[in-house]
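Single-structure report; data block below.
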4 protein chains.
Amino acid sequence: MKAAIAGASGYSGEELVRLLLRHPRAELAAVTSRQYAGQSLARVFPKFGNDPRAKTLCFTEPDPELLAKTADVVFLALPHGVAAGYAAPLLHLGCQVIDLSADFRLKSPARYKEFYGKDHPAPDLLSKAVYGLPEARRAEIKNASLIASPGCYPTSILLPLLPLLKTGLIQSAGIIADSLSGLSGAGRKAELDYLFVECNESARPYGIPKHRHLSEIEEQLTLAADRPVVIQFSPHLIPLNRGILTTLYLAPAKPFQNESQMAAFGDQITRCFQAAYAGEPFVRLLEAPALPDTKNVAGTNVIEIAWRLDPRTGRLIVLSALDNITKGASGQAVQSMNILRGFAETDGLC
Amino acid sequence: MKAAIAGASGYSGEELVRLLLRHPRAELAAVTSRQYAGQSLARVFPKFGNDPRAKTLCFTEPDPELLAKTADVVFLALPHGVAAGYAAPLLHLGCQVIDLSADFRLKSPARYKEFYGKDHPAPDLLSKAVYGLPEARRAEIKNASLIASPGCYPTSILLPLLPLLKTGLIQSAGIIADSLSGLSGAGRKAELDYLFVECNESARPYGIPKHRHLSEIEEQLTLAADRPVVIQFSPHLIPLNRGILTTLYLAPAKPFQNESQMAAFGDQITRCFQAAYAGEPFVRLLEAPALPDTKNVAGTNVIEIAWRLDPRTGRLIVLSALDNITKGASGQAVQSMNILRGFAETDGLC
Amino acid sequence: MKAAIAGASGYSGEELVRLLLRHPRAELAAVTSRQYAGQSLARVFPKFGNDPRAKTLCFTEPDPELLAKTADVVFLALPHGVAAGYAAPLLHLGCQVIDLSADFRLKSPARYKEFYGKDHPAPDLLSKAVYGLPEARRAEIKNASLIASPGCYPTSILLPLLPLLKTGLIQSAGIIADSLSGLSGAGRKAELDYLFVECNESARPYGIPKHRHLSEIEEQLTLAADRPVVIQFSPHLIPLNRGILTTLYLAPAKPFQNESQMAAFGDQITRCFQAAYAGEPFVRLLEAPALPDTKNVAGTNVIEIAWRLDPRTGRLIVLSALDNITKGASGQAVQSMNILRGFAETDGLC
Amino acid sequence: MKAAIAGASGYSGEELVRLLLRHPRAELAAVTSRQYAGQSLARVFPKFGNDPRAKTLCFTEPDPELLAKTADVVFLALPHGVAAGYAAPLLHLGCQVIDLSADFRLKSPARYKEFYGKDHPAPDLLSKAVYGLPEARRAEIKNASLIASPGCYPTSILLPLLPLLKTGLIQSAGIIADSLSGLSGAGRKAELDYLFVECNESARPYGIPKHRHLSEIEEQLTLAADRPVVIQFSPHLIPLNRGILTTLYLAPAKPFQNESQMAAFGDQITRCFQAAYAGEPFVRLLEAPALPDTKNVAGTNVIEIAWRLDPRTGRLIVLSALDNITKGASGQAVQSMNILRGFAETDGLC
């Protein structure tokens, strides 16, 4: 099987390169980048320099015809709004498309316009796209031609929340997600705000209270809860290269009044997560006293999940950690490719 | 005026040294440390090596009699539980005592036992102690002999919350405080968990759901609200040397139903913070689009505060940033000393 | 005395603002920045927001006439090549000028052209300029109208080397300077190479073997040795905000053949450094076992110096640490201003 | 093939676990740790928690008999001086031993005593041990029973230097190696000096001028040059988790007098490195303008090498970068295991 990456010079693109170069069943057949067209992968990213393929494979301009001739599956690691322009021709030419941008993550063009400030560039494709969260939509991914790979924050929030909402263990109202992200999440862009000196020794919120990722988070939560869900989401930037740590503040559907009710509710949560994720290769359910830590998932496709009940406030607190570039972007996209192509789901990811 | 520091080898003690060496009206007369007794300040902390006083001033054993002979004001930068043993003899010998530990921050010995797991070592002094948060208790500090300087998390939470609770603008129930702390908050202790390699590239929660600092936070909030307040508090460690960033999730006392009500509520919040802090030298009320950032307060005694209203969820989000070692510990303690001794409150702190 | 800063939005400019706002004898009267013209200091740099002056002082376009009307001393914190265009009119209008760029650090226009690749824009001013290294040229600075403040690497190399060369204790041939710099040294420029993710977990050399700073380093060393000096200089970028650590590899003028000769040579070095720097407020000569550490000079105007003799190789190794933005740039420039204006040399710097 | 790790709780041990868990031909059969005996790998290192083997494999006490029963190859990731006590019994019991400590890296017991301050604990084994630098000693490793895996600094210095010395292109006198190391090099030890706060924003030399690693470096260089080699070696600690960056200052055997001689010499160096390393899977010879960067080798078994000639000083500067825990320790040890057992040399390392 041959794979191509359109937009391989950003952090997600670079991680796709890393994962596909060592993938046992996929061959990296093309990489595109306006900026680096004509240069070899090894030259642009010295870290891949010992890979024979990286020495010979050169960046090209992002031409859909050429991509379709070269590859069976095309990953779009392009900016939001740009990716959509490539999806239609690629699909038309018979490629399977895995899009890492936000362009096809929403079902509603209106919601897209509300959050992205313009009309959707290819609204007819929205219904065709499958939201590529493997743990939640494995069967649909298997038969998809266009996969909208989820964002990093959404993955860190949805995987802990979906089973709890689906089983009705928590209230769908009042959910709060407080997230910390490393700087690769801001992308490989030359902007003052992301210089080392501006980020080192800096912890700061941004995008409060209405970050764009809310649109896909709430759409997925609404589907899971089968009623409209609106959440509070506060992202922060902290001085990490990679990693998202999310803390979720939740209210049990049925308040616990005493210790034994709390223990019983705890058992239900354990069973809920076990039922959802016990067999999942990339979900790590932590047992107390362990708590999620971004350093334990860096460079991997794993999400760590833990939870605590607070007898003083009656709340359920759920915590997750993942690598925003791997499970939060490129690793998850490769996981989807594995499902789509009938490979072992862990191929190239362990 | 002569000042002494008992326990000057930890991060709070070191910061007290820095602040007192350059203080225009206080003379650093003694520093104690079991570990470094007999060595000069300049030898133990090369960074102070160009200060003539640091070359001659040597660490001594922490003997209350000696401290009382040498100093008018004694700062206790000792571990929790140890400080209390020094306060009584020092007070008896006529010193003014500013304690940076948690030993005298609570009024209730029962609450102390609940959170610290043992009987209070000097319960009779609890009523004598003043909670040393200058912006809230300036008048009491002026006349105190024993000042319990607040913790770093509590300062980052109380300064934003107290005016909102006192004016009744927010509900006292359901408050959530999500805090991020730099590693100096963990103290200068040789433990594996705080090694560079264990902390760099790591974001992790801890002490969830019942951190010790909750005891003093809730006691102060209860006083401000004039009714029992129980909050959710989630601390996280992130790879900073210094800094705390706190995100508070709050419910307006009277929900806003539309944009104009929201705007009106926003005006009330602005007026509330202005009334509380407009003249405060160490509180920085940020105007949108600015948001708190730990790098903008590092090494200073300033707390930054900003807020946002969310029309989608109806919540008020308040954010604060401070330096956990300065405004969160030693700077605040010096600020209290300035009040106590009738100095300008900013002496040695700008 | 009134001071102005032309180009106050870079890291050196920002540090000049910090130092001048708290200076007891200078008033910050003007700041310029094309990018931020019309905005207040407090708005552009929230960290200065509690200073009353910062709330009212607004950035202006960099107009020499206006600067000369406003200020007695003008600091030029402008890019290399740009600063020169401001110096001539400002001098003509009667200002004293302290230039933090490289424009006036060399005496020879030919050398300038060799290293900067173009003709010097104001060659007639080169002879007028004084190289503003206070510890070496205090008397000249006192009477200067145009001060060329040294670069960060040069300061870290020259202060340890000048006394050794002047006293003839070391050979002037074969000198090697290996330097590590924090990222603020790369400036506040939006370039991919200086993004957090590109710098964190990265140690890398650059500018090898002919960095521009060699020109001023060698000119000053040549003057001190009274013979042509050519050195090896290897800069590296490491993940610090601030700091330069320099390791110098030197050959004694007279090789030591045994332990007692080595000890005697060691005494000579001690005396040499003591004679040069014992009374200097900003030089810290470390006694063994202490070695320089950037964290001990961060935010200060101090340079730390230590040395070791190696009986196995016969070499003298000298090490220095300074803050590239303070002693390596803005602090040193303020130190020169203090000398120039007859203030205490430590005013505003302790 | 079954492998065991004695001392699997330090950073080298942890990295061995990571590499062996995913090795296609070796099975991790035992891990020892006094501190964690009885606990599973997954519990002590949550990051391995998704590996089925890590869930069941428990740490045991480090008993040689037990290790020999369980494993064919035993890795010793124990402190210097401790490892030697395990090697003899393990060899006697028929195991192949790969020691990551310094215990068997020297041929001379006298040299060991000079640098380690005590008599060697098993001097008779010194002649039996093979210095496990695969690129230099592949044939010997193939037939070894006891492999002394090189240190991290030595690897970063020897791989660039050995070919240059063997071909006589550089002088063996006057060599200088200036190295920067990340903090994992200091080990997983609870000491104040390695706390996050003490290391972040800190660049500092240590062990100058006589670091222990000099003993093995000079022994290997002496063998390569066939004459006694004494070098200058200056290690520094910088705030990285992983990585060593080494800058080597060298004198050509025959000085170049002009540009064409310099170019000719450059060609010789290129050929020398090509001859030595063109086919090596883990050596990356960089072409200008690329220079080594620790971030490009982090987590890999690759060493990057580049060089520059300086026409101004006549020197050759060679630079290398590697991951101190992988190519500088555990990756290299696994590479040796692969050779020893006849596996593909890259098995488990790509």
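Each reported figure results from applying straightforward, stated rules to the coordinates on display, with no laboratory input. Note that the structure is predicted; figures quoted are calculated from it, not measured. Using ideal geometry, Cβ is built from the backbone for each residue, glycine included, and neighbour counts are taken over all protein chains shown.
Using C-alpha pairs under 8 Å with a sequence gap of at least 6, the mean separation divided by the residue count of the range C:11-65 gives a relative contact order of 34 percent.
Farthest toward the positive end of the dipole of chain B, out of B:ALA68, B:LEU309, B:SER320, is the Cα of B:ALA68, where the dipole comes from beta carbon charges about the Cα centre. In straight Cα distance, which lysines are under 25 Å from C:LYS118, not counting same-chain residues fewer than 8 positions off? Within the straight-line cut-off, C:LYS118 pairs with C:LYS107, C:LYS128, C:LYS189, C:LYS210. Bridging of C:LYS166 to lysines at a Cα separation below 17 Å is possible for C:LYS254, once same-chain residues fewer than 8 apart are set aside.
Rounded to two decimals, the Cα-based Rg/Rh of the range C:244-350, with Kirkwood Rh, is 1.05. In chain D, the DSSP beta bridges split such that about 45 percent are antiparallel, to the nearest 5. Principal axis extents of the C-alpha atoms in the range D:73-168 (largest first, rounded to whole Å): 41, 31, 20. If both residues of a DSSP beta bridge must be in the protein assembly as shown, then about 45% of such bridges are antiparallel. One quarter of the surface of the convex hull around the alpha-carbon atoms of the range B:1-92 equals 5.4 nm², the direction-averaged projected area. Dividing the helix sum by the residues of chain D, where each DSSP H run of 4 or more adds -39500 (n - 2.57), gives a mean residue ellipticity at 222 nm of -9500 deg cm²/dmol.
Within chain A, the longest run free of exposed loop sites, counting trypsin sites (Lys or Arg not before Pro) that sit outside DSSP helix and strand states (H, G, I, E, B) and have at most 11 other Cβ atoms within 10 Å, spans A:119-350.
List the aspartates and glutamates whose alpha-carbon lies under 16 Å from that of B:LYS69, not counting same-chain residues fewer than 8 positions away? Those aspartates and glutamates meeting the cut-off are B:GLU27, B:GLU61. Show log10 I(q)/I(0) for the protein assembly as shown at q = 0.09 Å⁻¹, two decimals, from a solvent-free Debye sum over equal Cα scatterers. Log-scaled intensity ratios, in q order: -1.40. The local environment of C:ASP72, defined by Cβ-Cβ distances under 10 Å, has a net charge of +1 under the rule Lys, Arg +1 and Asp, Glu -1. Between the range C:114-180 and the range A:59-124, the C-alpha centres lie 57 angstrom from each other.
Does the range B:84-140 come out rounded, prolate or oblate by the C-alpha gyration tensor, with a ≥ b ≥ c the root eigenvalues, rounded set by a/c under 1.5 and, if not, prolate when a/b is larger than b/c and oblate if not?
It comes out oblate by the Cα gyration axes.
From the alpha carbon centroid of the range D:193-265 to that of the range D:6-40 is 31 Å. Within the listed set D:SER184, D:SER336, D:SER149, the Gaussian network model of chain D (springs between alpha-carbon atoms below 10 Å) gives the highest mean-square fluctuation for D:SER184. Any idea what the relative contact order of chain B is, in percent, if you count C-alpha pairs under 8 Å spaced at least 6 apart? Computed value for chain B: 17 percent relative contact order. Neighbours of A:ALA264, meaning other residues whose beta-carbon lies under 13 angstrom from its beta-carbon, give a summed charge of 0 when Lys and Arg score +1 and Asp and Glu score -1. In loop segments of the range D:233-321 as defined by DSSP, the GluC sites (Glu not before Pro) with at most 15 further C-beta atoms inside 10 Å of their C-beta are D:GLU287. If both residues of a DSSP beta bridge must be in the range B:169-244, then about 35% of such bridges are antiparallel. Inter-chain Cβ neighbour count for B:298-307, averaged per residue, equals 2 (cutoff 10 Å, partner chain atoms only).
Applying the Karplus relation 6.51 cos²θ - 1.76 cosθ + 1.60 with θ = phi - 60° to the range A:324-332 yields 3J(HN,Hα) values of 4, 8, 9, 4, x, 7, 6, x, 4 Hz, where x marks Gly and Pro.
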